[in-house]
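Have a look at the structure below before the remarks.
Values quoted throughout were computed directly from the atomic coordinates according to the rules given, and no laboratory measurement underlies them. What you are looking at is a predicted structure, and each value in this text was computed from that prediction instead of being measured. We place every Cβ from the backbone using ideal geometry, glycine too, and count neighbours over all the protein chains shown.
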Number of protein chains: 2
Amino acid sequence: MTTNATPPKRGFTRTEFEARLERAQAAMTANELDGLVVTSPHDVRYFSGFATQFWESPTRPWFLIVPREGHVIAVIPEIGEPGMAMTWVDDIRTWPAPIPEDDGISLMKSALEGLPRRFGRIGWEMGREQVIRMPIKDFDRLRGQVSGLEFVDGSPTIWGLRMVKSPAEVAHIRHICQIASGAFERLPNTLSMGETELDASRKIRLELMHGGADLVPFAATISGHGGYDQIIVGPTDRVLGDGDVLFIDLGAIYDGYSSDFDRNYAIGSISDDVARAHEAVWQATEAGIAAARPGATTSDLWRAMAKVLEDAGSQGLNVGRMGHGLGMQLTEPPSNTPDDKTELVPGMVMTIEPGMEFVPGKMLVHEENVVITEDGCDLLTTRAPREMWRIG
Amino acid sequence: MTTNATPPKRGFTRTEFEARLERAQAAMTANELDGLVVTSPHDVRYFSGFATQFWESPTRPWFLIVPREGHVIAVIPEIGEPGMAMTWVDDIRTWPAPIPEDDGISLMKSALEGLPRRFGRIGWEMGREQVIRMPIKDFDRLRGQVSGLEFVDGSPTIWGLRMVKSPAEVAHIRHICQIASGAFERLPNTLSMGETELDASRKIRLELMHGGADLVPFAATISGHGGYDQIIVGPTDRVLGDGDVLFIDLGAIYDGYSSDFDRNYAIGSISDDVARAHEAVWQATEAGIAAARPGATTSDLWRAMAKVLEDAGSQGLNVGRMGHGLGMQLTEPPSNTPDDKTELVPGMVMTIEPGMEFVPGKMLVHEENVVITEDGCDLLTTRAPREMWRIG
């Protein structure tokens, strides 16, 4: 076992949840909502602290109502009652799910009808980077049944809250980024040329588990001779050979918070082209980190990185952006794109993720994670070496 | 490393995907659909073979159109094009996502307008145990824009296909069930009284990885003195003490297919009450396995198990059913409930999952996985021992 820094305490204090609710209620007043309804794993956990792996089962919908006045209400399957009772939520209403003909719909109707009204609008996860985790047939039925309460998009309100992390959340993210940094650094000790992407993936996962990660939902593991052409499909049984670049991108989890950064490994000897491209993405990352400070925008970050890559002869990138928010999920708003223009504020955790195609069909992508501070940013990851680690 | 049986070849043949498409097209004709649109990880993978962990990022929607006539069409973010090109799908249309103002909507509109029409209806994942993985605001926009094409619930069509597994799919599920069986059996060699639920979870995950599992998205790990009161929230830092029951439920993955079964461990010495309750759930499992054959229904399975549990003094169960379908997902339709009444046919993979509260607040749950055959069922798991494994 590898020793990592003392892990942050699991879970969050009641004060933290109260602060989340207060911020949410202020945002609802500003956005003219009488409440929010959340149904998806991360939003439910954010407002309640309810932690389960049971989201893997698609059978039952779960609802949390966050009202503009008063306490959070859980409307959930009976199977979840003892677990929800461990959280700070004390208004728990259940039904014996699964009951396909009425899986929570009549309970939700009466709960929504009982909410204090001021604006006649309730926010659901209807927009950007969100999903309503229930049969949409049932959602359609419910939204026709609650008279005088319009179902509107609550995503801007939810993301406005979740985008800015508390110190306790940042400590969680820093911890998992450090666990992943250690796993990346140790990988060359156990992996050899001639093994496969699948072997590499298994080995980095074992390093992460030994290092203290709870789960590893994302460990893209991809290789190619002289670079790769994509970063999301893999591992396969492709054998790592001389002149390959091995790319691993890790979304590991500690107590509900994710890392999201990658490393590139040189298998045997890489070409000068690849070394030059790596220097360019490494320098573009430096420029991104230097640009990450309060008052700058995500588009400023994008421009700082793009300038370095263009000067180095970038032929483009199929990723669509150069970094994004990070927190409970591998990727969260905002996006580092030319048009996003979200202003950075202290507490935002961002990935700095430049990449480029340097010859047709060959790309390199680099990534670090930072938190925006009062006067700049702090690196949460251990900075990648300027020259790729080598695997012989 | 532990030696397991030779793993089934990863991926599926082109013939298998052609057969899936043919069955889908026949079902669409029967259900009067001009096509299906799928957006969620397992449905996209089922029809295309596209395998990625990138679903962890909620930023970009993905669409696969399965038309009643002709070939599958992928409408996906640019970042996925090289990966989708590795599959059997050759009509791939992309946009440079993320573009919040038009993330695939105009591309989908024109793709849907170009489909051959006969019924004027297209199925989406609108119903039972399914989710539309895109902003519902965008879905609402799109369904108002494609004239003459009604968006209806495609879930019965999709589940009708996915519920009945091919021999290659069954081989995948059998393999991961065997890996999990081995991990369960080895756990007492490394876990001791005085360690925590979190330790137990880490150790079983390591056993699974060493045994050849790709991923372990579900490993509920829960303990209680003389039984437990719920089966979905845990692990925590609770210490395993004398007289506890440790419950672990494993959804491990091999090449996109899941196990779903649990084991109970006696920590030190358990009470006679607990031993009797374990005997009852073990016998109820026997009854469920005996009842699992073509022509029987899920409600017959439920009744066979319920009879044994009632005779043993069951005080009920908060789970809502006693087993369900299993495949790419931890839980799939149908459900073993009094009212489900789905007829079992060869190729269905089912969990047999009886459980009961035997004193107030203390329950035991048991589980095995079977595939329905021509004349009964085959056990995919290694049957749990009649007396619990002991951890000292």
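What is the antiparallel percent of DSSP beta bridges lying wholly in region A:14-162, to the nearest 5?
Rounded to the nearest five, the antiparallel share is 40 percent.
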Quiz item: Among all the aspartates and glutamates, which ones have a C-alpha under 14 Å from A:Lys109's C-alpha, if same-chain residues fewer than 8 places away are not counted?
Solution: A:Asp138, A:Asp140, A:Glu150
Self-check item: Nonlocal amide H pairs with B:Met193, under 5 Å, H built at 1.01 Å
Solution: B:Gly392
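Over the Cα atoms of region A:167-391, what is the Rg over Rh ratio if Rh follows Kirkwood?
Reported Rg/Rh (Cα atoms, Kirkwood Rh): 0.95.
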Practice problem: Find the centroid of the Cα atoms in region A:105-165 and in region B:267-342, then give the distance between the two in whole Å. | Solution: 36 Å
Quiz item: Measuring from centroid to centroid over Cα atoms, what is the spacing of region B:1-50 and region A:244-264 in Å?
Solution: 29 Å
Exercise. Using the Cα centre as the reference, give the magnitude of the dipole from point charges on the C-beta atoms of the protein assembly as shown (Lys, Arg: +1; Asp, Glu: -1; all else neutral), rounded to the nearest 20 debye.
Key: 180 debye
Exercise. Report the residue, chosen from A:Phe247, A:Phe63, A:Phe12, that carries the largest GNM mean-square fluctuation when chain A is represented by alpha-carbon nodes joined by springs under 10 Å.
Key: A:Phe12
Quiz item: How much of the DSSP beta bridge set in chain A is antiparallel, as a percent to the nearest 5?
Solution: 75 percent
Quiz prompt | MRE, 222 nm, helices only [DSSP H, n ≥ 4, -39500 (n - 2.57), over chain A, to nearest 500] | solution = -10000 deg cm²/dmol
Quiz item: Once both labels are modelled 7 Å past Cα along the beta-carbon direction, what's the A:Ala290-A:Ala275 spacing in nm?
Solution: 2.4 nm
Quiz item: Each residue of region B:385-392 in order: what ³J(HN,Hα) in whole Hz does its phi give by Karplus 6.51 cos²θ - 1.76 cosθ + 1.60, θ = phi - 60°, with x for Gly and Pro?
Solution: x, 5, 9, 4, 4, 10, 10, x
Self-check item: Net charge of Cβ neighbours under 10 Å - reference A:Ile73; Lys, Arg +1; Asp, Glu -1
Solution: -1
Quiz item: Hey, what do the phi angles of region B:364-370 turn into as Karplus ³J(HN,Hα) couplings, whole Hz, using 6.51/-1.76/1.60 and θ = phi - 60°, x for Gly and Pro?
Solution: 9, 10, 10, 6, 9, 10, 9
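Please report the antiparallel percentage of DSSP beta bridges with both residues in the protein assembly as shown, rounded to the nearest 5.
75 percent
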Quiz item: Extent of region B:1-87 along each principal axis, from alpha carbon coordinates, in Å, largest to smallest?
Solution: 52, 32, 19
Self-check item: Förster radius 22 Å - calculated FRET efficiency between B:His71 and B:Glu32, Cβ distance, rounded to 0.05
Solution: 0.60
Exercise. For each of B:Leu206, B:Leu317, count neighbouring Cβ atoms within 10 Å of the residue's Cβ, then give the residues from fewest to most.
Key: B:Leu206, B:Leu317
Exercise. Could you line up A:Met108, B:Met322 from fewest to most neighbouring Cβ atoms inside 10 Å?
Key: A:Met108, B:Met322
Quiz item: What is the calculated FRET efficiency for A:Arg143 to A:Thr6, with r their C-beta to C-beta distance and R₀ = 45 Å, to the nearest 0.05?
Solution: 0.45
Self-check item: Global geometry of region A:39-166, whether rounded, prolate or oblate, following the gyration tensor of its Cα atoms and the 1.5 cut on a/c
Solution: rounded
Practice problem: State whether the protein assembly as shown is rounded, prolate or oblate according to the following rule on the C-alpha gyration tensor (a ≥ b ≥ c being the square roots of its eigenvalues): a/c under 1.5 gives rounded; otherwise a/b larger than b/c gives prolate, and the remaining case gives oblate. | Solution: rounded
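By how many nm would the segment from A:Ala312 to A:Thr297 lengthen if fully extended, with 0.36 nm per residue of separation less the alpha-carbon distance?
Contour length minus Cα-Cα distance gives 3.0 nm.
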Quiz prompt | Point-to-point label distance, B:Asp102-A:Arg117, nm (Cα→Cβ direction, 7 Å offset) | solution = 3.8 nm
Self-check item: Amide H partners (placed H, <5 Å) of A:Leu215, local residues excluded
Solution: A:Ile253
Quiz item: Pulled fully out, how much extra length does the chain show between B:Glu150 and B:Glu343, if you take 0.36 nm times their separation in residues and subtract their Cα-Cα distance?
Solution: 66.5 nm
Self-check item: Residues A:Cys377, A:Cys177, sorted so that the one with the fewest Cβ neighbours within 10 Å comes first
Solution: A:Cys377, A:Cys177
Quiz item: Going by a ≥ b ≥ c, the root eigenvalues of the Cα gyration tensor, does chain A fall in the rounded group (a/c under 1.5), the prolate group (a/b larger than b/c) or the oblate group?
Solution: prolate
Quiz item: Which FRET efficiency, nearest 0.05, do A:Glu16 and A:Met86 yield, Cβ-Cβ r, R0 25 Å?
Solution: 0.95
